[in-house]
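Working notes for the structure below.
The values are calculated or read from the model by the stated rules, or taken from the named source; none is laboratory data. Note that this is a predicted model, so its numbers are computed, not measured. In this analysis, Cβ positions are derived from the backbone assuming ideal geometry, glycine residues included, and neighbour counts consider all displayed protein chains. Note: areas computed on protein heavy atoms with side chains; ligands, DNA, RNA excluded. Shrake-Rupley method; radii C 1.70, N 1.55, O 1.52, S 1.80 Å.
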Amino acid sequence: MMRRPFAQTEPVFGSVAGLGLERRMGFIRKVYAAFLGSIFMLVAGVVSVLRVPGIGSFVANAFWVVVVAEFVALGAVLMLRNRTGLGFAAFGAFSLLTGLTTGLLVAQYLAMGQG
């Protein structure tokens, strides 16, 4: 018989594993909804850099400002993670700013003919 050294026999205090099935499923739905929302915000940032006139040049000219704002938004996500509304707003801002910087990189690849 092979031992599983990392298998836990009882749930960790405060974890979702200790909840009932219905509450666990609700938690999983919320996580997937937040993930899907962040993907939508990221895609919105990429598309706005590629398609909306002026946004791409703004992000290119203020690249380091956008990157610093992205890290500030990440810090806000970490600080506000227990405050539902503000935490989601910070997470959305972080996702959008990540989309803007990613959109600039995608635009560079497209400009080089690699897309």
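Could you check F71 against (1) modelled with pLDDT under 95; (2) open to solvent by 100 Å² or more (accessible area, probe 1.4 Å) and say which number it fails? Only one criterion in (1) modelled with pLDDT under 95; (2) open to solvent by 100 Å² or more (accessible area, probe 1.4 Å) is unmet by F71, namely (1).
Candidates G26, G45: the one that is open to solvent by less than 70 Å² (accessible area, probe 1.4 Å) and either of a type in the set (S, T, N, Q) or touching a residue at least 40 places away in the same chain (Cβ under 8 Å) (or both) is G45.
Quick check on the range 68-80. Is at least one of its residues under 23 Å from V16 (Cβ atoms) and touching a residue at least 12 places away in the same chain (Cβ under 8 Å)?
Here is the first cut: in the range 68-80, the ones under 23 Å from V16 (Cβ atoms) are 77-80.
Cutting the leftovers down to touching a residue at least 12 places away in the same chain (Cβ under 8 Å) gives us 77.
Within the range 68-80, one or more residues are under 23 Å from V16 (Cβ atoms) and touching a residue at least 12 places away in the same chain (Cβ under 8 Å).
State whether the residues of the range 78-96 include one that is among the basic types (K, R) and in a helix (DSSP H, G or I).
Here is the first cut: in the range 78-96, the ones among the basic types (K, R) are 81, 83.
Keeping just the survivors that are in a helix (DSSP H, G or I) gives none.
No - not one qualifying residue is present in the range 78-96.
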